[in-house]
Amino acid sequence: MTHTETRLNDKAWARWSALFIVAFTMMAAYYVNDVMAPLKGMLEGQLHWTSSEFGMFTGAYSFLNVFLLMLIWGGLILDRFGIRFTGMLATVLMVGGTAAEYIAITQYGGTTETVMGYKLDVLMASAGYSVFGVGAEVGGITVTKIIAKWFNGKEVALAMGVQVALARIGSQVAYAVAIPVARSFSLDTPLFIGGVVLVGGMLSFLAFTFMDRKLDRQVKISTESAPEDKFSFKDVVAVVSNPGFWLIALLCVLFYSCVFPFQKFATELMISKYGVSEAIAGTFAGLPALGALFLTPVFGGMIDRRGKAASIMMLGASMLICVHCIYALPFIHAPWVAIALMVVLGIAFSLVPSAMWPSVAKIFPVKQLGTAYALIFFIQNIGLWGIPALIGFILDEYCITGTTTIGGVTTNVYDYTLPMCVFTGIAVLSLGVAYLLKAADKKYGYRLEEANIKK
């Protein structure tokens, strides 16, 4: 094959088909990731979990990624063994972790037995969620590198935006159906559905590997034909020596620490502070995912053509400050305000990722992308582990104001003013880092303000 012949990813139908196939896998992952969040009250009432235990479970998603450096090893495996092997490994870990989580809820849920001072069901569910978290995060960096490869020189920001949007469908469905399905059947049913869908996602990714193998044969980028592109540990040094890496990583951890951990507690916030019905509170808590579904591709396409990625990241961080600050005000209880703020959060949640992830591909060469994304996701996971545990601790120690009974189950009532002040402070820090990133773009010539599609 000569360089003048058409490659598979030069065909629009082929590259977009590849995207939709791997996006389905991530859609399933996002569903499982978020499906237990709306059930916090039921976990407390039926299984007698505390807010601290729920925070521990939620933070367990990132435990192995942070303390055993599994995400970093995943990035090294990605750059060394490629997207096909790493992606299949990630899907297997997600399925296995979800199965362990399901067994913990169904077989040991509500037990008084303890291991190392922790309730057996909490510990086992957390362990399963940790394994799932390794698979989901490694899967995330793998899909990001897939898009950078298949859409190189094309609509890369739009493609990343579409992938994020489709993944958010999984999140939105999880928030919308978790409580109604659990009330109609049992507490474990929403998670069981997620396990079944994840198996479908694993088969979906397997189908993609055949397409990617064909593309590799066409462009001759296998390790046998292009040894100069093989991963080297020098690449790790090169990544962490780049000032842009630290700014992107800090912005990532601060921004996402204000979104994902907040959403884990948002359903309860809606019910306890704003009087939103339990049946629909999860749906409103999932509005940021719904906003991302429609807006991320729009913003991604705009950045592809007009640029201004650094400026857009600053705008998104500013919006995040406004949202959490208003949520922290103790005298505002109107449900429409809470819903409107979720819509604004959804816009911010669309702006920043659509600008951030394509920017990484501008800062680092292709052979370092897996390592760069892995290290960024690793730092992000520190926040995703620590912030939920912190919020759970704050709620248990300082924010219990009484009890309430819903459906015959008695749970605590919390004042969320202090937790929302914590989220506001983190959002302020994210704006500061976004400003520094824009300044670094001018200094080091990352071209973040330039369009991705060259005329």
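The values are calculated or read from the model by the stated rules, or taken from the named source; none is laboratory data. Worth saying up front: this structure is predicted, and the values here are computed from it rather than measured. Neighbour counts are summed over all protein chains in view; Cβ atoms, including those assigned to glycine, are modelled from backbone coordinates with ideal geometry. Calculation scope for accessible area: heavy atoms of the full protein, side chains included, ligands and nucleic acids excluded. Shrake-Rupley method; radii C 1.70, N 1.55, O 1.52, S 1.80 Å.
Here are a few things to note about the model shown:
- Dimensionless Rg over Rh [the range 1-146; C-alpha; Kirkwood]: 1.11
- Taking the Cα centre of the chain as reference, the dipole from Cβ charges on Lys and Arg (+1) and Asp and Glu (-1) amounts to some 1780 debye.
- Accessible surface, per residue, of the chain when the full set of protein chains is kept, probe 1.4 Å, Å²: 39
- Using alpha-carbon coordinates, inclination of helix 83-108 to the longest axis of the chain, degrees: 10
- Calculated FRET value between Glu113 and Ala279, using beta carbons and R₀ = 35 Å, to 0.05: 0.55
- Surrounding net charge for Lys264, when Lys and Arg each add one and Asp and Glu each subtract one, Cβ distance under 11 Å: -1
- Shape category assigned to the range 99-198 from the gyration tensor of Cα positions, a/c cut at 1.5: oblate
- Once C-alpha pairs closer than 8 Å and six or more residues apart are averaged by separation and normalised to the residue number of the range 87-146, the relative contact order reads 49 percent.
- For the chain, the longest principal axis of the Cα atoms and the long axis of helix 335-363 meet at an angle of about 30 degrees.
- Its convex hull of Cα atoms gives the range 83-136 a direction-averaged projected area, equal to a quarter of the hull surface, of 3.5 nm².
- Pair Val428, Ala340: separation of 7 Å Cα→Cβ label points (nm): 2.4
- Arg305/Asp415 FRET efficiency (R0 41 Å; Cβ-Cβ; nearest 0.05): 0.35
- Computed from label points 7 Å out along Cα-Cβ, the spacing between Ala451 and Leu329 is 4.1 nm.
- When the C-alpha to C-alpha distance is required to be over 22 Å, the pairs from Lys11/Lys154; Lys149/Lys442; Lys154/Lys443 that qualify are Lys149/Lys442; Lys154/Lys443.
- Positive-end residue of Leu395, Leu329, Met342, charge dipole of the range 301-401 with Cβ unit charges: Met342
- Sparse-neighbourhood loop sites, GluC sites (Glu not before Pro) in the range 1-88 - DSSP loop, at most 13 other Cβ within 10 angstrom: Glu5
- The tail of the calculated P(r) for the range 323-392, taken as Cα-Cα distances beyond 17 Å, holds 64 percent of the pairs.
- Degrees, to the nearest 10: 287-306 long Cα axis against longest axis of the chain: 20
- Convex hull (Cα only) mean projected area of the range 288-417, reported in nm² to one decimal: 10.5
- Note on Kirkwood radius over Cα pairs in Å: of the candidates [x] 23.1; [y] 22.2; [z] 23.9, the value calculated from this structure sits at [y].
- Other-chain or far-sequence residues with amide H under 5 Å of Val413's (modelled H): Thr401, Gly402, Thr403, Thr404
- When only Cα pairs below 8 angstrom with a gap of at least 6 residues are kept, the chain shows a relative contact order of 27 percent.
- Shape category assigned to the range 238-326 from the gyration tensor of Cα positions, a/c cut at 1.5: prolate
- Rounded to the nearest 20 debye, the dipole magnitude of the range 1-136 is 440 debye, with +1 charges on Lys and Arg beta carbons, -1 on Asp and Glu beta carbons, and the Cα centre as origin.
- Cα gyration tensor shape for the range 277-356, rounded if a/c is under 1.5, else prolate or oblate: oblate
- Percent accessible area from carbon and sulfur atoms, the chain, protein chains only, probe 1.4 Å: 68
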